Amino acid sequence: MKVKSEAAGIKEQLLNIYSLLFLKYGDQHWWPADTQFEVIVGAVLTQFISWKNVVKAIDNIKEKDLLDIHKLYECDIELLKELIKPAGFFNRKAVILKAVLVFIMENYNGDLDKMFQTSLEVLREKLLNVKGIGPETADSILLYAGSKRIFVVDAYTVRIFTRLGFLTGTENYHQVQKFFMENLPEEVDLYNQYHALIVKLGSECCSGKKPKCLECVLKDLCQFATFS
């Protein structure tokens, strides 16, 4: 795996980047949800769509007083599709969300405390066996709803840290996750905040086609910014 500078030490560099991002953007208060269940719903709905659209979908669910495991489990799937339309891909996401609800009800009788008492490794494997749940969604649920020590990787993570020189851009999800978890302190709050700050930077500056390099707090560390 490519790294930018062996001399400074990868761990120190990653923590320095975190500090720069935190000084720039502050506490992201992520995940924006009132309950663990709302985090789970949001983690499913945010697949392939911006968060502002997810908020509209969740607001629709709240307006119908359905943001409850048992109520949403009993909810007619056609109504669910209608409620989550703002989140896009609503037919697919309704099926995935229903599958997650079935998983929680059948395995834990709707008890999230019981679910999150399951070990990280076992619960992660079970979540990944739910149709439509990939690593990013599973890890978002584990970290943000369950406070499990797992680093969430997304497209922003790969783009930013490839441009910074830590990745080649060819690594798979597991390899990128392993890189961060081997080089950061094993702290839930750090994993939470770091990922949220990466999303903030990616959405504000480090876009795929037209990055705003001159505005980026990491521009002095980034070869991509130097040559773009």
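For the stretch 190-207, take each phi angle, set θ = phi - 60°, evaluate the Karplus expression 6.51 cos²θ - 1.76 cosθ + 1.60, and give the result in whole Hz per residue in order, putting x for glycine and proline.
5, 4, 4, 5, 4, 4, 4, 5, 4, 4, 4, 5, x, 6, 8, 10, 8, 6
Using Cβ contacts closer than 10 Å as the measure, can you line up His70, His174, His195 from fewest to most?
His174, His70, His195
Quick one: angle between helix 36-45 and the longest Cα principal axis of the chain, in degrees between 0 and 90, rounded to 10, please.
70
If R0 is 22 Å, what FRET efficiency do you get for Glu82 and Ile49 from their C-beta distance, rounded to 0.05?
With a Förster radius of 22 Å, E is 0.85.
Considering Cα pairs under 8 angstrom that are at least six residues apart, work out the relative contact order of the chain and quote it in whole percent.
25
Please report the relative contact order for the stretch 1-99, taking Cα pairs under 8 Å with a sequence separation of at least 6, and give it as a percent rounded to a whole number.
Contact order relative to length: 25 percent.
Would you work out if the stretch 15-129 is rounded, prolate or oblate? Take a ≥ b ≥ c from the square roots of the eigenvalues of the alpha-carbon gyration tensor; rounded if a/c is under 1.5, else prolate when a/b is larger than b/c, oblate otherwise.
The shape class here is oblate.
Give me D for the stretch 71-114 in µm² s⁻¹, whole number, from Stokes-Einstein with Rh from the Kirkwood sum over alpha-carbon pairs, 25 °C and 0.890 mPa s.
My calculation gives 226 µm²/s for D.
So what's the angle, to the nearest 10 degrees on a 0 to 90 scale, between helix 10-25 and the longest Cα principal axis of the chain?
Once rounded, one gets 70 degrees.
In nm, what is the difference between 0.36 nm times the number of residues separating Asp34 and Val122 and their Cα-Cα distance?
29.1 nm
Counting other Cβ atoms within 10 Å of each Cβ, which GluC sites (Glu not before Pro) in the stretch 6-65 have at most 12 and sit in a DSSP loop?
Glu6
So for each of 203-216, 124-137, 39-52 I average, over its residues, the number of other beta carbons within 10 Å; can you give me the resulting order with the highest mean first?
Packing order, densest peptide first, comes out as 39-52, 124-137, 203-216.
Every read-out reported here was derived from the displayed coordinates using simple, explicitly stated rules and does not represent laboratory data. On a predicted model such as this, the values are computed, not experimentally measured, just so you know. So basically every Cβ, Gly included, is an ideal-geometry build from the backbone, and we count neighbours across all protein chains shown.
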